[in-house]
Amino acid sequence: MGFCAFLLICLSQAELGRVWAQEYKDAYRETALRTDGNTASFQRTRGDRQNQEKHREARNVQADGGGVDISPLPDNMTRVVEDSHKYYIWESFGPTERKTECLWVDLNNLHKSQVRIHNILSNTHRQAARVALSFDFPFYGHNVRQIIVATGGFLFMGEITHRMLTATQYVAPLMANFDPSFSKNSTVRYMDNGTLFVVQWDMVRLKDRENEGAFTFQAALHSNGTIIFNYREIPVPVEKINSTEHPVKVGLSDAFMAFLPASQLSDAKQRTIYEYHRVEIDTTKIVSGSAFEFTPLPTCLQHTSCELCFTSNLTTDCGWCNTLQRCSDGIDRHRQEWLEYNCPEESKGKCEDYNPVLPEATMSSFNNLSLELTPSLADLEEHSVTRVKALLSLDCRDHNATLKSDRMWRILAWFLKGLLECIKNAVCAPHKPCWKMKVALLF
């Protein structure tokens, strides 16, 4: 019975190993969010493919109370408030350059079924809506599956929504106080073809400055992480846009959330958002017909093994946390977890500390022990009938009457030989089911 149970387990694992393909159906989920709501209210955006780390982080956020304080990193924690070329490199293109026209995505030439007009955003002021992507978009090394589109000319890329959406974690082709509700011709449109997501703010006007002209610009997110800012109509120089009522920003930003004690006399924790990097571009180069291209650079998070984490020439200052099975420099969205699991100390080790190599003497003793405990395949083949009868007689005496043919004994011996070979070489797995072929030959 034990032998049969083992065989059934192996068969089940092989079948399960072949069923991993899943077909993703494109769908968009839209939820309007006020960008000037209550600071105490939080909602977590959920992608269609969330890993266990995101679920754990979300539970921490929901469990702890307190408001949100938007703060940059302290100076002693590598605060970055300008482009350091660590995460992205960017290039600008003027109106006369050929590539500018190539980068522009003409939504008017696409089929109507491919382009969606967001009715809520196109008829309101200071609103934001959640939109699901059909692909994982790498942003600062983190895969993003949902974004929030705002009427104010930017995309919010964070997982926790709050009233300070304009502070950080954004992709902002032109963040300003736009009011699409002023004119019926003003729209917020977007498209997603599986590898490219484009949002276009079409003929939108500045609040209380509507007579100065309409702006048309777009942000394009490519599945490889490249970000494009395209500007078709810019009637007012960006540096002359008033920022009293609404922040005016152009560029990229990311941050992490930390849980700090609200006070020394309380056990409650305060959620604090730390901006760890920002890309700011020269706004004087933003004119009608211009474009900017942001190319992502390799990050520590992309390395999936300890060896790559330490030896890759593409990244620097990376450390491996074996507990989390993650490569990081400690400054990313997972920083809170990195600290909680003592990864700063663990990352000082070497790969050999996590995968120790046994000395040759120990390996030799192990091999000799294995040979002593396991019958050799040569002996098994030579004395197949005798050995199989002896083995089966221990547990299967009641079935001896059904085994009348010496040929059947030899078939079973051959099968047992193959099974022991599979076990010895540790290849009894779904990716190489050698034993499955042997079973098929018996029928």
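The values are calculated or read from the model by the stated rules, or taken from the named source; none is laboratory data. Everything quoted here is computed from the prediction, not taken from an experiment. In this analysis, Cβ positions are derived from the backbone assuming ideal geometry, glycine residues included, and neighbour counts consider all displayed protein chains. All accessible areas refer to the heavy atoms of the entire protein, side chains included, with ligands and DNA or RNA removed. Shrake-Rupley method; radii C 1.70, N 1.55, O 1.52, S 1.80 Å.
Where Lys and Arg each count +1 and Asp and Glu each count -1, what net charge lies around Tyr140 among other residues with Cβ under 9 Å from its Cβ? If you can, show how the numbers build up before the last one.
Details: positive: Arg333; negative: Asp254, Asp332.
For residues surrounding Tyr140, the net value is -1.
Electrostatic tally near Asp202: other residues with Cβ closer than 10 Å to its Cβ, Lys and Arg +1, Asp and Glu -1, net +1.
Kindly state, to the nearest 0.05, the FRET efficiency for Thr96 paired with Thr283, given R0 = 30 Å and r defined as their beta-carbon distance. Mind showing how you got there, number by number?
Working: r = 19 Å, r/R0 = 0.65.
For R0 = 30 Å, the calculated efficiency reads 0.95.
If the limit is 31 Å between Cα atoms, which of Lys112/Lys207; Lys99/Lys240; Lys86/Lys285; Lys184/Lys240; Lys184/Lys249; Lys86/Lys207 go over it?
Values: Lys112/Lys207 29 Å; Lys99/Lys240 27 Å; Lys86/Lys285 22 Å; Lys184/Lys240 26 Å; Lys184/Lys249 26 Å; Lys86/Lys207 36 Å.
Among Lys112/Lys207; Lys99/Lys240; Lys86/Lys285; Lys184/Lys240; Lys184/Lys249; Lys86/Lys207, the Cα-Cα distance tops 31 Å for Lys86/Lys207.
Across the range 206-221, the residues whose backbone nitrogen lies under 20 Å from the label position 7 Å along the beta-carbon direction of Ser183 are 206-219. Output ³J(HN,Hα) for the range 290-302: one whole-Hz value per residue in order, computed from phi by the Karplus curve 6.51 cos²θ - 1.76 cosθ + 1.60 with θ = phi - 60°, and x for Gly and Pro. Once θ is set to phi - 60°, the couplings for the range 290-302 become 9, 7, 10, 10, 10, 10, x, 9, x, 10, 4, 4, 6 Hz.
At a Förster radius of 30 Å, what calculated FRET efficiency corresponds to the Cβ-Cβ distance of Arg209 and Asn108, to the nearest 0.05? Mind dumping the intermediate values first?
Numbers: r = 26 Å, r/R0 = 0.88.
With a Förster radius of 30 Å, E is 0.70.
What does the charge count around Cys309 come to, taking other residues whose C-beta lies under 15 Å from its C-beta (Lys +1, Arg +1, Asp -1, Glu -1)?
Result for the local shell: -4.
The charge dipole of the range 103-260, taken about the Cα centre with unit charges on the Cβ atoms of Lys, Arg (+1) and Asp, Glu (-1), comes to about 280 debye, rounded to the nearest 20. Distance between the pseudo-spin-label points of Ser243 and Val115 (7 Å out from Cα toward the beta carbon): 3.2 nm.
Under a 5 Å amide H cut-off, with hydrogens placed 1.01 Å from N, Gln270 pairs with Leu260, Ala262 among residues at least 5 apart or on other chains. For the range 104-188, taking Cα atoms only, Rg and Dmax work out to 13.6, 39 Å respectively. Ordered from largest to smallest accessible area (heavy atoms of protein chains, 1.4 Å probe), the residues Thr244, Thr295 come out as Thr244, Thr295.
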